[in-house]
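Reading through the structure tokens given below for one structure.
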Amino acid sequence: MSTKDLIIQAATRLFAEKGYEGMTMKEIAREVGIKAPSLYAFFESKEDIFTHIYLDIITRHLDLASSATRSDGLTVREQFDQMLKSIMEFQLQEPLQMKIYLRLLLFPPEVFKVDLKEELLKLEQAEQEIFQRLFEKGMASGEIKPGDSSALAKLLICLLDGLFWEIQRHDESTFWQRFQTVWGEFWQRIQAD
């Protein structure tokens with residue numbers, strides 16, 4: 001693993017545990033086993049490291065959503081199933097990154113507040129467009145009832161937000177049971193007769 005990767009790994013753990021204000025560049029360097037000034041060969045500042053970690057979380061999340069729409073030969077339902085399961089598995093398998101994401105939602109550092117909200121809005125808009133196109137594809141193929149694809153995309157984003165909080169409250173087995181119930185009910189309401 002490269003020094004840059006070790007820095008990101010150490011910073012991720014420290015940010016998740018202590019928050020942005022609660023940790024220092026010195027602590028990151030100590031975790032990696034280098035001197036604090038050496039960090040500046042890789043990153044300009046603590047803010048730069050944090051931004052890198054945050055944007056990586058958002059990019060990975062969006063990549064999971066995008067990849068499902070490139071699945072040829074699958075029904076729209078199968079594409080949604082694949083996408084949602086991938087997103088949920090990412091959230092379950094990356095607890096440190098999700099802890100950072102939670103901290104950002106609940107306690108955004110003052111220095112980042114505007115930029116972070118803008119990035120979250122960009123992510124939501126990109127997801128909404130992906131979902132909307134998939135709903136439109138399902139309507140065109142007769143798999144989904146005709147309706148407002150934009151409203152369905154917004155509804156799905158709200159559903160995903162709720163599922164994100166379910167992950168925080170339940171063990172994995174209980175979460176997957178709840179996921180199957182909620183997603184099944186959602187799909188039943190929108191599928192064509």
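Helix 76-93 versus the longest principal axis of the chain: what is the Cα-based angle in degrees, 0 to 90, to the nearest 10?
Helix 76-93 sits roughly 20 degrees off the main axis of the chain.
Quote the relative contact order of the chain in percent (integer), defining contacts as alpha-carbon pairs under 8 Å separated by 6+ residues.
Working: 128 pairs, mean separation 36.5, N = 193.
Value for the chain: 19 percent.
For region 11-108, what's the relative contact order in percent, using C-alpha pairs closer than 8 Å and at least 6 residues apart?
Numbers: 55 pairs, mean separation 33.3, N = 98.
Averaging sequence separation for qualifying contacts and normalising by length gives 34 percent for region 11-108.
Can you pull the percent of region 43-83's accessible area that's carbon plus sulfur, 1.4 Å probe, other chains left in place?
On the way: 880 of 1920 Å².
Answer for region 43-83: carbon and sulfur cover 46 percent of the accessible area.
Please provide three numbers in whole Å: the alpha-carbon extents of the chain along the principal axes, with the largest listed first.
64, 32, 30
How long are the three semi-axes of the equivalent ellipsoid of region 46-111, in whole Å, if each is the root of 5 times an eigenvalue of the C-alpha gyration tensor, listed from largest down? If you can, show how the numbers build up before the last one.
Numbers: eigenvalues 165, 28, 15 Å².
Three semi-axes, in Å: 29, 12, 9.
Taking R0 as 22 Å, what's the FRET efficiency between residue 106 and residue 166 from their Cβ-Cβ distance, rounded to 0.05? Mind showing how you got there, number by number?
Values: r = 16 Å, r/R0 = 0.75.
Step by step, r from the Cβ atoms, then E = 0.85.
How do 32, 76, 182 stack up against each other in accessible area, from largest to smallest, with a 1.4 angstrom probe? Walk me through the numbers before you get to the answer.
Working: 32 30, 76 5, 182 60 Å².
Putting 32, 76, 182 in descending order of accessible area: 182, 32, 76.
Cα-based count: Lys pairs in region 55-193 below 19 Å, eight or more positions apart or different chains?
So the count of such lysine pairs works out to 9.
Would you pull out the residues with amide H under 5 Å of residue 191's amide H, same chain only if 5 or more places away, H placed 1.01 Å from N?
145
Testing the spin-label approximation: label points 7 Å from Cα along Cα→Cβ at residue 41 and residue 181. State their distance in nm.
5.5
Of the candidates 127, 31, 136, which one comes out as most mobile in a Gaussian network treatment of the chain with C-alpha springs shorter than 10 Å?
Result: 31 has the largest fluctuation of those listed.
Compute log10 of I(q)/I(0) for region 96-150 with the Debye formula, placing one identical point scatterer on every Cα and leaving out solvent, at q = 0.15, 0.26 Å⁻¹, to two decimals.
Log-scaled intensity ratios, in q order: -0.59, -0.95.
Which value, in Å², gives the accessible area per residue of the chain when a 1.4 Å probe is used on the protein heavy atoms? Let's see the in-between values first.
Values: 10520 Å² over 193 residues.
In whole numbers, the chain has 55 Å² accessible per residue.
Distance between the C-alpha centers of region 113-184 and region 40-80? Whole Å please.
16
I'd like to know how region 1-41 sits against the 2.2 N^0.38 Å rule of thumb: what's its Cα Rg over that expected value? Before the final figure, lay out each step's value.
Working: Rg = 9.4 Å, N = 41, 2.2 N^0.38 = 9.0 Å.
Region 1-41 yields a ratio of 1.04.
Hey, any idea what % of region 105-193's accessible area is carbon plus sulfur with a 1.4 Å probe?
Values: 2800 of 5300 Å².
It is 53 percent, rounded to a whole number.
The values are calculated or read from the model by the stated rules, or taken from the named source; none is laboratory data. Just so you know, these numbers come straight off a predicted model, no measurement behind them. Positions of Cβ are backbone-derived with ideal geometry, glycine not excepted, and every protein chain shown enters the neighbour counts. Ligands, DNA and RNA are stripped out before the accessible areas are found, and what is left, the full protein with its side chains, is counted by its heavy atoms. Shrake-Rupley method; radii C 1.70, N 1.55, O 1.52, S 1.80 Å.
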